[in-house]
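Read-outs: derived from the displayed coordinates by stated rules, not from any lab. Please read these numbers as outputs of a predicted model, since none were measured by experiment. All Cβ positions, glycine included, derive from the backbone under ideal geometry; neighbour counts span all protein chains shown.
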């Protein structure tokens, strides 16, 4: 058996004000818009959505703003082929033999006034100071690095399924993100423009 480290979470989307779902076949946006139907350039949710539509993440993704819980959740789902139906074991010990395997991961941006310690069961959780917000280029670097990891995951999966790797996982490395941020700064392309959660802009 080959070990497959995989977190798959199924849950209902409740108490939300904005939802965006992107797939190869369909894009759905549901939510409240401001007067004039213009994007708020300081709104974290709307800026994330705009960046995602620009960089074109692999796979399918959804973006949700949970107003009552004060966080934005980006969920990405990838599909990996296993045509030979090699026996796989996920991280909770369940065995699978199927041609297509879904891999789901989460990136959470949260108001750190409401949470301590972040969200341990996601790829990365990023606490944002509600008074200072988050800098635009930091947010861009996070999403650009996420795209890099998702593209790289295809190669990692092929190595894994061909017994060149003992396990498959997508690992977030803080030092790699910091290198991207530093590159933006040294090339004078880093914007310090602050972005805020929707509830702070009302």
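Is the C-alpha gyration tensor of the stretch 45-202 telling us rounded, prolate or oblate? Criteria: a/c under 1.5 is rounded; beyond that, a/b larger than b/c is prolate, otherwise oblate. Intermediate results must be reported in sequence, preceding the final value.
Values: a/c = 2.33, a/b = 1.71, b/c = 1.36.
Prolate.
For a Förster distance of 35 Å, can you work out the FRET efficiency between the beta-carbons of residue 116 and residue 50, rounded to the nearest 0.05? Could the numbers behind the result be given before it?
Working: r = 30 Å, r/R0 = 0.86.
Calculated value: 0.70.
Ordered by the number of other Cβ atoms lying within 10 Å of each residue's own Cβ, fewest first, 125, 166 fall into the sequence 166, 125.
Taking label positions 7 Å along the Cα-Cβ direction at both residue 94 and residue 193, the computed distance is 4.3 nm, reported to one decimal.
The relative contact order of the stretch 76-200 comes to 23 percent, based on Cα pairs under 8 Å that sit 6 or more residues apart.
Where in the stretch 168-184 does the amide nitrogen come within less than 17 Å of the point 7 Å from the Cα of residue 104, taken along Cα to Cβ? Only 170 fall inside the zone, counting backbone N under 17 Å.
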